[in-house]
Amino acid sequence: MSEDISPARMRASNSDRERVGEVLRAAVADGRLDMEEFEERMVRTEEARTLGELPEITADLLPPDEQPIRLDPQPMVGAFSSLSRKGRWVAMGGEYAVAVAGRVEVDMRQALLLHGHVRMTVTAIVGRVDIRVPEGVEVRVRGWSFLGRRSTTARRSPLSDPPVLEIDGFSLMGSVRVHAPRRRRLLPWSRERRRSLEG
């Protein structure tokens, strides 16, 4: 992906437009939008070609951390509080997550990686940072800890050229944990059943 292309100029997918449509349908169902407003916004959604055209359509319907499309490259800071970033957001490549006597949750399972190698500086000071990644992402946890913990459940990616998430930073009496989906294990009776079907 060229570094000259900003997230707002990236092409929107059908799933991106559908995320916005779901918010609009919920808003008309509970009376926040009338049918005329709903139809006008749905037309704008269906005609949108870039990600930058979508956020303003739902800006007045949900708080910033619940928007279906997030393009804001803001540091994730939980200071004596909790912060969550999830859904469809753009990982720029130089992200920051800081938990100071608080908790930060970063869900990357639906995130759009702007680059194949994303470096995230993660700091936990008497706090906790939980990061969830999709299957197939190569996770490299670096940095240092003092009376804290930095760990990952991600295994080596089976892909030949996987996207990489590199975690740097430090933990001071805090924890940084990267959670990956558990790989499904085929039970013995399932293997026998599959062999019988194949035979």
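The values are calculated or read from the model by the stated rules, or taken from the named source; none is laboratory data. Computed from a prediction, not measured in an experiment: that's the story for all the values here. For neighbour counting, all protein chains shown are included, and Cβ atoms are generated from backbone atoms with ideal geometry for every residue, glycine included.
Determine which member of the set Glu95, Glu105, Glu135 is at pLDDT below 95 and part of a strand (DSSP E or B). Lay out the reasoning, then the answer.
Working: Glu105 fails: at pLDDT below 95; Glu135 fails: part of a strand (DSSP E or B).
After applying the criteria, what remains is Glu95.
Within the set Gly93, Gly87, Gly116, the sole residue that is in contact with a strand residue (DSSP E or B) (Cβ under 8 Å, 6 or more places away or on another chain), exposed (fewer than 14 other Cβ atoms within 10 Å of the Cβ) and under 28 Å from Arg17 (Cβ atoms) turns out to be Gly116.
Here Arg25, Arg41 are screened, and the one residue that is of a type in the set (D, E, K, R) and over 17 Å from Pro55 (Cβ atoms) is Arg25.
Taking the range 29-41 as the region of interest, how many residues are surrounded by 18 or more Cβ atoms within 10 Å (Cβ to Cβ) and assigned to a helix (DSSP H, G or I)? Residues meeting the conditions: 1. Against the numbered list (1) out of contact with any strand residue (DSSP E or B) (no Cβ under 6 Å at 6 or more places or on another chain); (2) modelled with pLDDT of 95 or more, Arg155 comes up short only at (2). In the set Val133, Val100, Val126, Val122, only one residue is β-branched (Val, Ile, Thr) and out of contact with any Gly (no Cβ under 9 Å at 6 or more places or on another chain); that residue is Val133.
The requirement of being in contact (Cβ under 8 Å) with a residue 40 or more places away in the chain and outside any loop (DSSP other than H, G, I, E, B) is not satisfied by Arg25. If you go through the range 74-95 and keep only what is touching a residue at least 24 places away in the same chain (Cβ under 8 Å) and on the phi < 0 side of the Ramachandran plot, you end up with Met76, Val77, Gly78, Lys86, Arg88, Val90, Ala91, Met92, Gly94, Glu95.
Cβ-Cβ contacts under 6 Å between residues 6 or more apart (or on different chains), taken from a first residue in the range 158-184 that is more than 15 Å from Met120 (Cβ to Cβ) and in a loop (DSSP other than H, G, I, E, B) to a second residue that is of a type in the set (D, E, K, R) and at pLDDT below 95, are listed as Pro162/Glu138; Pro181/Glu135.
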